Amino acid sequence: MKVIKKTLAASALALAVVNHAQAEMDPLSYGVKVAFSNSSFSADSDAKLSGKAVASLFLGNPFASGHLYAEYAFNDYIGLGLAAGYMNQGGKLVAKADSSASSGDKDKENKNKDESSINMTSHGIHVPLYLCVYPLGREEDNGILKLFVGGFAYLPLSTHIEQKGADGKADANVTGDKIKEDANKKKELPGFDAGAHVGLGYEFPFGLAIESNYGYGFINRFGEKDKDKEQSIFQKTVGLKKLNTHNFNLGISYNLAAAFCD
């Protein structure tokens, strides 16, 4: 009888150890990511809009993104991740206010503020591939700190284009549909993009994680245009030859593997 009790106790202990090890050492995680997404442009430094220098609005293109993801940990400190989902990419450039106006002219300046702007936003498929670094190791009971470093590919499916004059009214001749009617301008619509991104996240023991990441696109958003020529989509710009995108995301993810393990 004592032998049977000892055997059962040893079996229970072994099973507990195995289950605990599986919970801590399971290399595969997968789930869903949703985030607040913001995209902005960086443009030629000498570009002008309506005769004025241009500025990129940091919050000119706020939206949301959603991805499915999978990560595989090679050991307790290094892993590889892949995600695929929806994200918008683009931004808004505006004409800078005239800084030479005297303080006495401020009220007049505000009343006659130049609202000239251009906006180009694409909706498409975003596929990041990244290295996962776990500085504190992978111990689910204590949560997991994650660092992400990698690259991404982006394929636009549709593009919204808008140009506004000094009165703030949109130009009916500068839209995505109008651009597509011109074969030369159509070539300048955003195409495939690729870039680099970095991120930081923390996954709680129950599978929910908070994440933030930043990405920069290497490819000119004016598509198949000669790099030495100005774009022709927006009519009121001078010196605008290229646009590159910056993307910032802040959101949450849920590791479904953690739920199934429970």
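Quick look at the values:
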{"item": "Efficiency of FRET between Ala55 and Leu131 - r from beta-carbon atoms, R0 35 angstrom, step 0.05", "result": "0.50"}
{"item": "Rounded FRET efficiency, nearest 0.05, which uses the C-beta distance separating Asp228 from Val198 and R0 of 25 Å", "result": "0.20"}
{"item": "Estimated distance in nm for a label pair at Ala70 and Asp26, the labels positioned 7 Å out from Cα along Cα-to-Cβ", "result": "1.5 nm"}
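Any read-out appearing in this document is the output of simple, stated calculations on the displayed coordinates, not a laboratory observation. Source: prediction; values computed, not measured. Please note: Cβ atoms are built from the backbone with ideal geometry, for glycine as well, and neighbour counts cover all protein chains shown.
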